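A quick write-up on the structure given underneath.
FYI, it's all coordinate maths here, none of it is from the lab. Note that this is a predicted model, so its numbers are computed, not measured. Note that each Cβ is placed from the backbone with ideal geometry, even for glycine, and that neighbours are counted across all protein chains shown.
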Amino acid sequence: MRVYVPLTLPGLALAHKAGELGPGPVVAYGVTPALREWYVSDDIEELEYAALNRAAAASLRLIAQDPHAARQRVVVAVDVADMDAVMDPDRGLDASALGEVWIAAAVPLAKAAAVHVDAEDAEADVAAAADALGAADQGDGDAQFVVDGAEDHELLWYGVQEIPGLLA
């Protein structure tokens, strides 16, 4: 199963140094039954793209919690055994947890298929979205519009071998 692990650039640096995503449990996003039902598609590429976007939204939350993190969302795509990606049955239908899975143990970075990162031109919108996230969570429509502005930016694809360049 392909899962998408939300990070920040400092989190990616730690993972690169350790050679793994973790320690466990690692929160990731994948094509779960709830995500399939929400997205209403049988196209696996579309579903994986939806899971990637869920991870990007989780990365934004991590950025909002870390005032020192670069304002670029980071998602690592990793292939794990289906049985290793476990859904929380209590959160399965929670809209904020759509696609969320937990991986009990650290995941070797060698299992990563790709890294997705915002382009530098997205930084201002991502910074504004991180600042507006709390108000958006409280139902502020204007703040939600700002958060949605970050989602308008596509994450760029990088090979795992390009991580040192991303961190430089």
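Of note:
- One decimal place: the segment residue 128-residue 111 gains 2.8 nm when fully extended, by the rule 0.36 nm per residue minus the C-alpha distance.
- Ranked by how many other beta carbons lie within 10 Å on average, peptides 150-163, 3-16 from highest: 3-16, 150-163
- Extension gain (nm, one decimal) between residue 38 and residue 96, 0.36 nm per residue minus Cα-Cα: 19.7 nm
- Here the calculated FRET efficiency for residue 83 and residue 157, from their Cβ-Cβ distance with R0 = 22 Å, stands at 0.20, rounded to the nearest 0.05.
- Couplings for the stretch 16-24, taken from phi via the Karplus curve 6.51 cos²θ - 1.76 cosθ + 1.60 with θ = phi - 60°, read 5, 5, 7, x, 7, 8, x, x, x Hz in order; Gly and Pro are left as x.
- Relative contact order, percent, the stretch 2-160 [alpha-carbon distance under 8 Å, six or more residues apart]: 29
- The stretch 1-92: C-alpha gyration tensor shape, a/c 1.5 cut-off, then a/b vs b/c: prolate
- Test item: Cα-centred dipole of the stretch 2-160, Lys/Arg +1 and Asp/Glu -1 on Cβ, debye: 680
- Rounded to the nearest 500, the helix-only mean residue ellipticity at 222 nm of the chain stands at -13000 deg cm²/dmol, with each DSSP H run of n ≥ 4 adding -39,500 (n - 2.57).
- Mean-position separation - Cα centroids, the stretch 80-110 and the stretch 25-77, in angstrom: 11
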